[in-house]
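In what follows, a single structure is set out as structure tokens and then discussed.
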Amino acid sequence: MKRTYLVAGNWKMNGSRVANAALVQGIRAGAGACKDVELLVCPPAVYLESAAQLVAGSGIGLGAQTLCEQEKAGAFTGEVHGAMLKEVGCRYAIVGHSERRALYGESDALVARKFRTAQACGLVPILCVGETLQQREANETERVLQRQLDAVVDLCGIAAFGDAVIAYEPVWAIGTGRTATPQQAQEAHAFLRAQLAKRDGRIAASLRLLYGGSVKADNARTLFEGPDVDGGLIGGASLKADEFLAIAAAAQAQSI
């Protein structure tokens with residue numbers, strides 16, 4: 001079975017209408033060279049509708065950075081329901097990003113509910129999991145990943161991962177300039193796939209596992225060489241079209 005790669009750009013709290021237009025135009029101009037890689041952009045919520053217009057007809061997908069966990073819309077001021085994201089053109093929604101967990105106190109249980117709601121609204125969840133530096137140094141990486149994964153499996157069932165993506169993002173390598181070695185990334189991805197394989201080998205084999213943690217053009221190739229690394233969730237490097245496309249080209253080289 002041919003591996004399919006996904007390179008997703010998480011713009012975080014960055015951008016403007018002018019900057020977004022220039023960025024998407026740059027990505028569109030070079031996307032044809034990465035025809036075997038699915039490209040995705042995840043701008044802040046206020047720019048989703050304009051971003052949908054910018055990527056229309058290009059094959060570049062659109063994703064949200066988070067969503068409300070509530071299954072029904074209603075009196076939840078400030079939140080954005082999954083159905084709203086779907087309506088403006090989103091196909092994906094990131095859930096459980098490390099910044100949401102650390103800065104806004106999102107628990108494993110809440111992330112699992114967001115995962116479930118995303119799928120109920122017709123969105124593909126990108127489930128982020130990962131350990132802090134303290135946890136890695138205490139040899140707790142696998143325990144943390146298992147806990148974060150089990151919260152979703154227990155609530156949603158293994159079948160839910162037939163239409164989902166997992167992004168491994170070591171917290172200590174996000175925005176720090178530090179990057180997990182290719183071996184560290186592969187080991188974490190292999191562990192995640194193996195845990196799912198215990199429940200359903202077919203789903204585990206087809207699931208795309210992304211690496212997110214200071215991925216750049218100069219390290220993407222070696223990271224993507226891991227047999228269980230199926231692309232990347234890209235932060236800062238996705239704000240530069242040339243850098244993002246170079247990362248996509250590294251995935252394209254692996255998909256051939």
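Any idea which of (1) touching a Leu at 6+ places or on another chain (Cβ under 8 Å); (2) buried (at least 20 other Cβ atoms within 10 Å of the Cβ); (3) over 26 Å from Met13 (Cβ atoms) is the one Phe224 doesn't satisfy?
The failed condition is (1).
Anything in region 135-190 that is crowded, with 17+ Cβ neighbours inside 10 Å, modelled with pLDDT of 95 or more and among the small types (Gly, Ala, Ser)? List them, or say none.
Ala151, Ala160, Ala164, Ala167, Ala185, Ala188
Does at least one position in region 2-25 carry a residue that is under 17 Å from the mean Cα position of the chain (by Cα) and more than 30 Å from Gln254 (Cβ to Cβ)?
yes
Mind checking which residues of region 191-215 are part of a loop (DSSP other than H, G, I, E, B), free of Cβ contacts under 8 Å to residues at least 60 places away in the same chain and surrounded by 19 or more Cβ atoms within 10 Å (Cβ to Cβ)?
Leu207, Ser214, Val215
Yes/no matrix, rows are residues, columns are (1) crowded, with 17+ Cβ neighbours inside 10 Å; (2) at negative phi; (3) not in a loop (DSSP other than H, G, I, E, B):
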position	(1), (2), (3)
Val18	no, yes, yes
Ala22	no, yes, yes
Ala29	no, yes, yes
Ala33	no, yes, yes
Leu39	yes, yes, yes
Leu48	yes, yes, yes
Ser58	no, yes, no
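Residues that are out of contact with any helix residue (DSSP H, G or I) (no Cβ under 8 Å at 6 or more places or on another chain) and crowded, with 19+ Cβ neighbours inside 10 Å: does region 64-73 have at least one?
The answer is no, given that none of the residues of region 64-73 is out of contact with any helix residue (DSSP H, G or I) (no Cβ under 8 Å at 6 or more places or on another chain) and crowded, with 19+ Cβ neighbours inside 10 Å.
Pick from Ala31, Ala73: which is over 14 Å from the mean Cα position of the chain (by Cα) and either at pLDDT 95 or above or basic (Lys, Arg) (or both)?
Ala31
Identify the residue in region 92-118 that is surrounded by fewer than 23 Cβ atoms within 10 Å (Cβ to Cβ), in contact (Cβ under 8 Å) with a residue 40 or more places away in the chain and not small (Gly, Ala, Ser) and, among all such residues, is nearest to Arg147 (Cα to Cα).
Asp108
Kindly list the number of the only condition in (1) within 28 Å of Pro227 (Cα to Cα); (2) outside any strand (DSSP E or B) that fails for Gln53.
Only one criterion is unmet by Gln53, namely (1).
With the structure loaded, tell me whether Lys86 is of a type outside the set (A, V, I, L, M, F, W, C) and in contact (Cβ under 8 Å) with a residue 24 or more places away in the chain or whether it fails that test.
Yes.
Is there a residue being under 27 Å from Gly201 (Cα atoms), in contact (Cβ under 8 Å) with a residue 24 or more places away in the chain and of a type in the set (A, V, I, L, M, F, W, C) anywhere in region 168-178?
no
Which one of these does Gln134 not meet: (1) in contact with a helix residue (DSSP H, G or I) (Cβ under 6 Å, 6 or more places away or on another chain); (2) farther than 24 Å from Ser255 by Cβ?
All conditions are met except number (1).
Of all residues in region 216-256, how many are within 19 Å of Ala190 (Cα to Cα), in contact with a Ser or Thr (Cβ under 8 Å, 6 or more places away or on another chain) and assigned to a helix (DSSP H, G or I)?
Qualifying residue count, region 216-256: 2.
For Gly175, which of the numbered conditions (1) out of contact with any helix residue (DSSP H, G or I) (no Cβ under 9 Å at 6 or more places or on another chain); (2) of a type outside the set (S, T, N, Q); (3) on the phi > 0 side of the Ramachandran plot fails to hold?
So Gly175 meets the others, but not (1).
The values are calculated or read from the model by the stated rules, or taken from the named source; none is laboratory data. Keep in mind the model is a prediction, meaning the values are calculated, not measured. Note that we place each Cβ from the backbone using ideal geometry, even for glycine, and neighbour counts take in every protein chain shown.
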